[in-house]
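Undergrad: Handing you a structure now.
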Amino acid sequence: MSKPLKQIHLAAHFPGVNNTTVWSDPEAGSHIEFSSFAHFARTAERARFDFLFLAEGLRLREQGGKIYDLDVVGRPDTFTVLAALAAVTEHLGLTGTINSTFNEPYEVARQFASLDHLSAGRAAWNVVTSWDAFTGENFRRGGFLPQEERYSRAKEFLSTANELFDSWRGDEIVADQETGTFLNDAKAGAFVHEGRHFDIEGQFNVPRSPQGRPVIFQAGDSEEGREFAASSADAIFSRYSTLKEGQAFYTDVKARLARYGRRPDQLLILPAATFVLGDTDAEAEEHAREVRRRQVSGATAIKHLEFVWNRDLSAYDPDGPLPDIDPDLGEHTVARGRAQVRMYRDPLATAREWRERAAANNWSIRDLVIETGSRQAFVGSPATVARTIDEFVQADASDGFILVPHITPGGLDSFADTVVPLLQERGVYRTEYEGTTLRDHLGLAHPDAGAHTDTEAHPGRVAS
Amino acid sequence: MSSSPSPLHLAVALDGAGWHPAAWREPVARPHDLLTAAYWTGLVTEAERGLLDFVTIEDGLGLQSSSFTGPDGRTDQVRGRLDAVLIASRVAPVTRHIGVVPTVVTTHTEPFHLSKAIATLDYVSSGRAGLRVQVSARQNEAAHFGRRTFPPLRIEDYDTPAAQELVTELFDEAADYVEVVRRLWDSWEDDAEIRDEATGRFIDRDRVHYIDFEGRNFRVKGPSITPRPPQGQPIVSALAHATVPYRLLARAADVGYVTPHDAGQARSVVEEIRAEQRAAGRGDETVHVFGDLVVFLDDDPGAARARRERLDVLAGRPYTSDARIFTGTPAELADLLQELGEAGLSGFRLRPAVAGHDLPAITRGLVPELQRRNAFRRAYEADTLRGLLGLARPANRYATTA
């Protein structure tokens, strides 16, 4: 007996600072002007996507002591863009990455609760951590957080924010014009939090918002990240990988939920995925090869190698062989403000593997970077891509995807116009929004005030 | 000195249901809607219908209170509010001309975050953003952040040396804060994004600058992550009642809100600010000084008085304010504004006592009256807030390649 078809969740990531956006394409527009965000959001809503996603960066990246200038540089403020997008959309969820290191819970909780009110229940928070002193140089706190404490602070930040969200039950405002009672509870919003990272008390000043709390996302693949997501998140971003690896990740993360008294459907797994479409599979493959060449110039390839080597490699020829010297294993001083640097935890092993692969395939530096670093997730005709996405979801390799186009802001248009109707025909994707809030779209319950599902309810798991 | 295209400038200060604590009990008030986008959109579009220069949006890091020092535990007044920057951003795309100026607190928040938020507000509004800076010495608000503490500060102790020291410190910090925000706005030159295919460079890194700010309370490296906003420098404003905050206006602001109760006071406040401006080396720059007034406006002067009395009864005490409280007709208010204008104020920030009543009375009563007197614009004459205020787009302090 076959099980019922899973419904696919789709979301869109506005291409921000990365090396995958082809900014030189004639179709490429502004990554800052509001019209770009409005276009992108309207396309996502037309396609009945669950949400739009914005990433964050708090310091311009540097390489070799200079501001990195080869990729898109610069981005607007996340909260401000999302609030403005609430004005030009009606259903689309609005997800923002907000750092738990260089912010304070009272302020972030205010901003998310406000965004949830102003969007009538469409706010979501991707909780991320950061620790480096490099980013800290832009903030009052400076580089104060040891790396090993970042999840400890993130967990406590989130549980503190949840205490603030839950400090209003939602029925306190009576606003009875006859009797003159505005609040039925003088203590509305009262909170006391004493912890390792935060020791705060008072009254939260944003009454309970339509979703109660924003939807919580967590990105990251590490052991700590998986555990954090299982304990506290509504959805997790993972990296797109093969069907088998996707299934292994899915099984692993979903199995962790029971430890926190949660059901498997209380955490959605949504990998980020790029795509290239063509009229035929062959045409899409050809187009994808072109896009990869444009994403990785010779100069970009050298810079990418420096993430691993931690050395100035500017003297190397990108069309030549890989460096035969080994990476510098000291503190990473060449590329700063780069998440990618942290991906290569064993630079010697990575360098060895890359040299072997390049030699075996007769790849230049640039070929190697293209092959290892920028393969699109879905390449094919709309029919092929729709079928592949559906296969991944039905086979429990994911619950859907967060799509990242390589052109701003029109890169989502063709997907909305060609792939989405095919998914709808397959009966695995909504044709209309059924609810109004992001929790509705994601099939998540609205939390009761005071009912924590986070680490706070399981003090034994809090690393404090 | 003023190249202002409009004889008088007009702004409104928006706060909940209005500035009178019983405003929410008026039939026209919509007390259940105060936390909705529709409520704020309605107010700001009404202000735009009246061709006003801008709206300010009040905010604070604690629950509203009738007490100067902290929470009052009252349940008969509006409590709870939304973040003002996000309200401003939510209404920006549905308006076209009016400036949006949210209140921000400099004492507990990060200038780096705020700078990019206001720069982004300038992008989403196509050049209509500003901010109003405020300091907070409240102990309860400090406890919401848990990173600094303040001694108790009662309003009657305001003139003591200890209180003055604290106030001076907070305003000095606010001046540093504004300096950081302004440097970050300039940290990208206007043409830093080059998209040069020949060299593969997206930006010219020589046109993006570290700000390297070092002050008493914080250091900020920069540059901003957000490119220079459309106005170059969005409008910086602050409310001031005494010499220390006047100095902040003179050193750091484009618009100051002051609270004179007659033309004589207006004249002396303006003189004091101009002297501070010269001392700060900004004698040649336009710093608008706006008078703040709470207004009860009705076509029948008796109706305005009766409304104010009715609300005072509901509130249980007569309404008092730092600002002069005007009760009367649009024509009477126009007389007063012109008189104060002649004393040196270049504009006014009106605080509607009841938002749902007095805001439309401003836009549909006062504004036509001022237009009849050729004292107010008949159409928006500029696309940006700086343009409306007669302020040029400033050069970038870091520009070397112009």
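Undergrad: For segment B:173-242, what Kirkwood radius comes out of the mean inverse Cα-Cα distance, in Å?
TA: The Cα-based Kirkwood calculation yields 13.6 Å.
Undergrad: First measure r as the distance between the Cβ atoms of residue B:383 and residue B:210, then evaluate 1/(1 + (r/R0)^6) with R0 = 35 Å and state the FRET efficiency to the nearest 0.05.
TA: In this case the efficiency is close to 0.65.
Undergrad: I've got another one for you. Find the Cα radius of gyration of the protein assembly as shown, compare it with 2.2 N^0.38 Å by division, and give the number to two decimals.
TA: Expressed relative to 2.2 N^0.38 Å, the Cα Rg reads 0.97.
Undergrad: If the reach is capped at under 30 angstrom between alpha carbons, list the lysines near residue B:221, excluding any in the same chain fewer than eight residues apart.
TA: Output for residue B:221: A:66, A:155, A:303, B:116.
Undergrad: How far apart, in nm, are two points set 7 Å out from the Cα along the Cα-to-Cβ line at residue B:67 and at residue B:28?
TA: Label at residue B:67, label at residue B:28, 3.3 nm between them.
Undergrad: Moving to a separate point now. Would you please calculate the Kirkwood hydrodynamic radius of segment B:24-75 over all C-alpha pairs and express it in Å, rounded to one decimal?
TA: After inverting the mean inverse Cα-Cα distance, the result is 13.5 Å.
Undergrad: If you average the C-alpha positions of segment A:94-123 and of segment B:208-226 separately, how far apart do those two centres end up, in angstrom?
TA: Using only Cα atoms to place each centre, the spacing works out to 25 Å.
Undergrad: Dividing the alpha-carbon Rg of segment A:36-140 by 2.2 N^0.38 Å yields what?
TA: 1.18
Undergrad: Something else now. Please report the projected area of chain B's Cα convex hull averaged over all directions, in nm².
TA: Result: 20.3 nm².
Undergrad: Please tell me the relative contact order of chain B in percent, rounded to the nearest whole number, where contacts are Cα pairs under 8 Å and at least six residues apart.
TA: Relative contact order comes out at 23 percent.
Undergrad: To continue, here is another question. Mind giving me the FRET efficiency for residue A:317 and residue A:251? R0 is 45 Å, r the Cβ-Cβ distance, nearest 0.05 is fine.
TA: With R0 = 45 Å, the Cβ-Cβ based efficiency is 0.50.
Undergrad: Under Stokes-Einstein, with the Kirkwood radius over Cα pairs standing in for Rh, what whole-number D in µm²/s applies to segment B:221-284 at 20 °C and 1.002 mPa s?
TA: Rounded, D is 163 µm²/s.
Undergrad: Which value results when the Cα radius of gyration for segment A:172-257 is divided by 2.2 N^0.38 Å?
TA: For segment A:172-257, the normalised Cα radius of gyration is 1.70.
Undergrad: Please give, to one decimal in nm, the separation of the simple spin-label points placed at residue B:194 and residue B:400, each 7 Å out from Cα toward the Cβ.
TA: Result: 1.4 nm between the two label points.
Undergrad: Let me ask something additional. Using unit Cβ charges (K, R positive; D, E negative) and no other charged atoms, how large, in debye to the nearest 20, is the dipole of the protein assembly as shown about its Cα centre?
TA: Dipole size: approximately 260 debye.
Undergrad: Tell me, what is the percent relative contact order of segment A:1-104, built from C-alpha pairs under 8 Å that lie six or more residues apart?
TA: This gives 34 percent for segment A:1-104.
Undergrad: Give the lysines reachable from residue A:3 as a straight Cα distance under 30 Å; neighbours fewer than 8 places away on the same chain don't count.
TA: Once the sequence-local lysines are set aside, what remains near residue A:3 is A:244, A:254.
Undergrad: Given Cα pairs under 8 Å that are at least 6 residues apart, what percent is the relative contact order of chain A?
TA: It comes to 24 percent, rounded to a whole number.
Undergrad: Right, something else. Projected onto the charge dipole of segment B:144-300 (+1 at Lys/Arg Cβ, -1 at Asp/Glu Cβ, origin at the Cα centre), which of B:287, B:145, B:297 gives the Cα projection farthest towards the positive end?
TA: Toward the positive end, the furthest listed residue is B:145.
Undergrad: Counting only other residues whose beta carbon sits under 13 Å from that of residue B:232, what net charge do I get with K and R as +1, D and E as -1?
TA: Net charge around residue B:232: 0.
Undergrad: Can you tell me what the convex hull of the Cα atoms of chain A projects to on average, as an area in nm²?
TA: The directionally averaged projection comes out at 24.3 nm².
Undergrad: Whole number please: convex hull volume per residue of the Cα set in segment B:191-299, in Å³?
TA: For segment B:191-299, the hull spanned by Cα atoms encloses 189 Å³ per residue.
Undergrad: Determine ³J(HN,Hα), in whole Hz, for all residues of segment A:91-104 in sequence, where each value follows from phi through the Karplus function 6.51 cos²θ - 1.76 cosθ + 1.60 and θ = phi - 60°; x replaces Gly and Pro.
TA: Residue by residue, segment A:91-104 yields 10, 4, x, 10, 10, x, 7, 10, 5, 8, 9, 9, 9, 10 Hz.
Undergrad: A further question follows. Looking at segment B:86-206 from every direction and averaging, what is the projected area of its Cα convex hull in nm²?
TA: The directionally averaged projection comes out at 10.7 nm².
Undergrad: Among B:270, A:118, A:195, whose Cα lies farthest out toward the positive end of the dipole of the protein assembly as shown, if unit charges sit on the beta carbon of Lys, Arg (+1) and Asp, Glu (-1)?
TA: The residue sitting farthest along the positive end of the dipole is A:195.
Undergrad: Could you tell me which of A:4, A:207, A:446 has its Cα farthest along the dipole of chain A towards the positive end, charges placed at Cβ (Lys, Arg +1; Asp, Glu -1), taken about the Cα centre?
TA: The residue sitting most towards the positive pole is A:4.
Read the figures in this text as sums done on the coordinates, not as results from a lab. Just so you know, these numbers come straight off a predicted model, no measurement behind them. Ideal geometry is used to build each Cβ from the backbone, glycine not excepted, and the neighbour counts take in all protein chains shown.
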